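A.B. asks: Starting off with a structure, shown below.
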């Protein structure tokens, strides 16, 4: 009888450990999926940038330095590896886009250009989707990080070498650009 009780306790413990391991895998997979959502939106943003630059170039031919800065920021963002590099690159892109919209303010014909307005609208929509994807990713990473730090799941996490993931945060100076994107009014 005692042997069956011990076997029963061991079975419960093993099942509990399996449950913890599976929950860690689920959270890890969700955070990876969420990062994939961010990369999809960032790619959409990268694809819009050249069109936006070309629309502004047609009106602001003497703003060459600005266009080079935007192109460099886009290239750096596309080739960024890891979350920290991606954060830095995205902050540079946000600054560059802010500059483009500031230049556009000086060109009334550009501000009235339908193509430019459509691009600006798509870019603002993409910025909103990036922000939503970032929140989704950070929520999943937060849950994963809490799980691998909490007892008893921390024992299993350490045993299987689960490591904390970094949040994808925006610099304080860039939050305003995302929450209140520049608007061109006609």
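The values are calculated or read from the model by the stated rules, or taken from the named source; none is laboratory data. Note that the structure is a prediction, hence the values are computed from the model and not measured. When we count neighbours, we look across all protein chains shown, and the Cβ atoms used for this are built from the backbone with ideal geometry, even at glycine.
A.B. asks: Report whether or not residue 37 is touching a helix residue (DSSP H, G or I) at 6+ places or on another chain (Cβ under 6 Å) and either loosely packed, with under 15 Cβ neighbours inside 10 Å or modelled with pLDDT of 90 or more (or both).
C.D. replies: In short, yes.
A.B. asks: Right, here's the next one. On the basis of being touching a helix residue (DSSP H, G or I) at 6+ places or on another chain (Cβ under 8 Å), buried (at least 18 other Cβ atoms within 10 Å of the Cβ), on the phi < 0 side of the Ramachandran plot and assigned to a loop (DSSP other than H, G, I, E, B), does residue 147 make the cut?
C.D. replies: no
A.B. asks: Here's something else I'd like to know. Is there a residue being over 18 Å from residue 153 (Cα atoms) and part of a helix (DSSP H, G or I) anywhere in the stretch 16-32?
C.D. replies: Yes: one or more hits.
A.B. asks: Count, please, the residues in the stretch 25-51 that happen to be in contact (Cβ under 8 Å) with a residue 60 or more places away in the chain and more than 27 Å from residue 138 (Cβ to Cβ).
C.D. replies: Counting residues in the stretch 25-51 that are in contact (Cβ under 8 Å) with a residue 60 or more places away in the chain and more than 27 Å from residue 138 (Cβ to Cβ) gives 1.
A.B. asks: Tell me the helices (runs of 4 or more DSSP H) entirely within the stretch 59-117 that contain at least 2 residues that are within 23 Å of residue 34 (Cβ to Cβ) and in contact with a helix residue (DSSP H, G or I) (Cβ under 8 Å, 6 or more places away or on another chain).
C.D. replies: Counting at least 2 such residues, we get 64-78, 82-104.
A.B. asks: Residues being farther than 19 Å from residue 53 by Cβ and either crowded, with 16+ Cβ neighbours inside 10 Å or in contact (Cβ under 8 Å) with a residue 40 or more places away in the chain (or both): count how many of those fall in the stretch 119-129.
C.D. replies: Residues that pass the stated criteria total 1.
A.B. asks: Can you work out which of the residues in the stretch 78-118 that are within 12 Å of residue 59 (Cα to Cα) and surrounded by fewer than 19 Cβ atoms within 10 Å (Cβ to Cβ) is nearest to the chain's Cα centre (by Cα)?
C.D. replies: Only one residue fits best here, namely 103.
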